[in-house]
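Just below is one structure, and these are the notes that go with it.
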């Protein structure tokens, strides 16, 4: 700093010192005085000459601002009159550090920044932040410290409280069972978020350290499940647009490959002008919750299925009891009535009448035997204790002889078209298949219906077909009618049946590693088909023809 000469002070008397409290103030070229200028500084402004012979000893104070009295309790004149007063008010524990800094910086002519304590006139401890630079007066070689010491006592006293508050907040944030984060929103691109903070819980959640997350802004895209990225970004976009809090659920893939379900909840902070500044949010690990939800849904689904099965079983039970009781009671009633007639001594019957009644008793007995056999076989099949006794058999003659013996289709026209086909088969089960298919056609078609029975070699096995030109089977029932105690509509004058015959057809076919199905007959009606494998066919190789 240059000390002005008397010629530089127009209209003014010569002062004794720059900014002296007891002399007239200096005037600069703009019309303001140094005293007026320094009075506006919110601290103790000063100009203090450096004694080159002893730079650590305070030299003459040529200026000190009026704030010194408010901050330290000493007037400016006291510091100007006593060059050592400033050093005397530096706290003893800080003095060596302060003097050392003065010495080092004065030797090289640099500036310094110092924080130290001073003792005020009333004994108060005052924290100051002192900044000064070395200035040299041109021509004289005199160097001075030009600086300002700001009172930072309030800040220093507040610092422990702030540090404690920060510690409490950090402890809270880093101990809760969630990952907290802050993402900054750049002004040039609000969608290109920059991670500014993420809590250490990230490592437990995904296996990544916080510094890895902060170093790679694209890591969120890398760990978010590919199937969920679009939905998550759409949710964030909606929240950004309408200002609502963000709450979305999606999957992330941890470093070790685990799939982690998270619920992200966040809010966007905007400044007073409405500009977006940063997102602040949390990631909650809801994997266990999702797993529990899935298990609960599975349990509810299984419970519904079990309830449906119970209802179905109950319905089947009622149908079974109704149908079986009717099927059993009808032939029993006939047998009972015929037997009573034969037993009466007062009725004179011819030999022909006796033979007719005996034949009718035998037919009804056979019907009862077939019903009981079906039920017993169905029970054995359900328990897995029925095994087929396979022998190589030409099924053509077996089918022809069986149909000739049956009298269940007297009011139907049955057309046989059987070819010889040699396959390993349990003959008794084959007869039951054909008999049940024929009985089913009679039961569900009106009198006068034509019925065709065919056998063909097919795909290394045998195809047995029983067709009729009746009403057919609705498409929605074509699988259900092969279940036990399930029946289709009856259009004949026969009893509706027990709902066991077609179930046995399907189970006997499966017992031979074949299968049974029904399709629409060309020209109308039903076409029931059973395919049984030949000697060389296996379950994996067998292909059922539907031609």
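Going by the structure shown, is residue 200 at pLDDT 90 or above and more than 16 Å from residue 217 (Cα to Cα)? It is true that residue 200 is at pLDDT 90 or above and more than 16 Å from residue 217 (Cα to Cα). Taking the conditions exactly as written (part of a helix (DSSP H, G or I), exposed (fewer than 13 other Cβ atoms within 10 Å of the Cβ) and on the phi < 0 side of the Ramachandran plot), does residue 407 satisfy them or not? Against the criterion (part of a helix (DSSP H, G or I), exposed (fewer than 13 other Cβ atoms within 10 Å of the Cβ) and on the phi < 0 side of the Ramachandran plot), residue 407 does not qualify.
Does the range 412-424 contain at least one residue that is within 20 Å of residue 506 (Cα to Cα) and surrounded by fewer than 20 Cβ atoms within 10 Å (Cβ to Cβ)? Within the range 412-424, one or more residues are within 20 Å of residue 506 (Cα to Cα) and surrounded by fewer than 20 Cβ atoms within 10 Å (Cβ to Cβ).
For the structure I just gave you, tell me whether residue 148 is part of a strand (DSSP E or B), in the same structural domain as residue 98 (by TED's automatic domain parsing) and in contact with a helix residue (DSSP H, G or I) (Cβ under 7 Å, 6 or more places away or on another chain). No; evaluated as a whole, the condition is false for this residue. Every condition in (1) modelled with pLDDT of 90 or more; (2) in the same structural domain as residue 199 (by TED's automatic domain parsing) holds for residue 301 except the one numbered (2).
When each of 238, 251 is tested for being assigned to a strand (DSSP E or B) and either touching a helix residue (DSSP H, G or I) at 6+ places or on another chain (Cβ under 6 Å) or over 28 Å from residue 170 (Cβ atoms) (or both), the lone residue that passes is 251.
Selection of first residues in the range 339-352 that are under 19 Å from residue 364 (Cβ atoms) and of second residues that are surrounded by 10 or more Cβ atoms within 10 Å (Cβ to Cβ), restricted to Cβ pairs under 6 Å at least 6 apart or on distinct chains, gives the following pairs, ordered by first then second residue: 342/357. With respect to the conditions (1) within 14 Å of the chain's Cα centre (by Cα); (2) surrounded by 17 or more Cβ atoms within 10 Å (Cβ to Cβ); (3) without any contact (Cβ under 8 Å) to a residue 24 or more places away in the chain, residue 224 falls short on a single one, namely (3). Pairing each residue of the range 104-115 that is within 16 Å of residue 51 (Cβ to Cβ) and assigned by TED's automatic domain parsing to the domain that holds residue 143 with any residue that is at pLDDT 80 or above and not in a helix (DSSP H, G or I), provided the two are 6+ apart or on different chains, yields C-beta distances under 6 Å for 105/112; 106/50; 109/134.
Tallying residues that are assigned to a helix (DSSP H, G or I) and either out of contact with any helix residue (DSSP H, G or I) (no Cβ under 9 Å at 6 or more places or on another chain) or not assigned by TED's automatic domain parsing to the domain that holds residue 264 (or both) within the range 181-230 yields 7. Kindly check whether there is at least one residue in the range 488-498 that is part of a strand (DSSP E or B) and either modelled with pLDDT of 90 or more or within 24 Å of residue 408 (Cα to Cα) (or both). No: zero hits.
Just one of (1) surrounded by 15 or more Cβ atoms within 10 Å (Cβ to Cβ); (2) without any contact (Cβ under 8 Å) to a residue 24 or more places away in the chain fails for residue 127. It is (2).
Being more than 39 Å from the chain's Cα centre (by Cα), part of a loop (DSSP other than H, G, I, E, B) and more than 15 Å from residue 280 (Cα to Cα) is a property that holds for residue 138. Here residue 106 fulfils each of the conditions (1) within 30 Å of residue 237 (Cα to Cα); (2) in contact with a strand residue (DSSP E or B) (Cβ under 9 Å, 6 or more places away or on another chain) apart from (1). The residues listed here are 377, 356, 369; of these, the one that is within 22 Å of residue 514 (Cβ to Cβ) and part of a helix (DSSP H, G or I) is 377.
The values are calculated or read from the model by the stated rules, or taken from the named source; none is laboratory data. Fair warning: this is a prediction, and the values are worked out from it, not measured in the lab. All Cβ positions, even for glycine, are placed from backbone atoms using ideal geometry, and neighbour counts span all protein chains on display.
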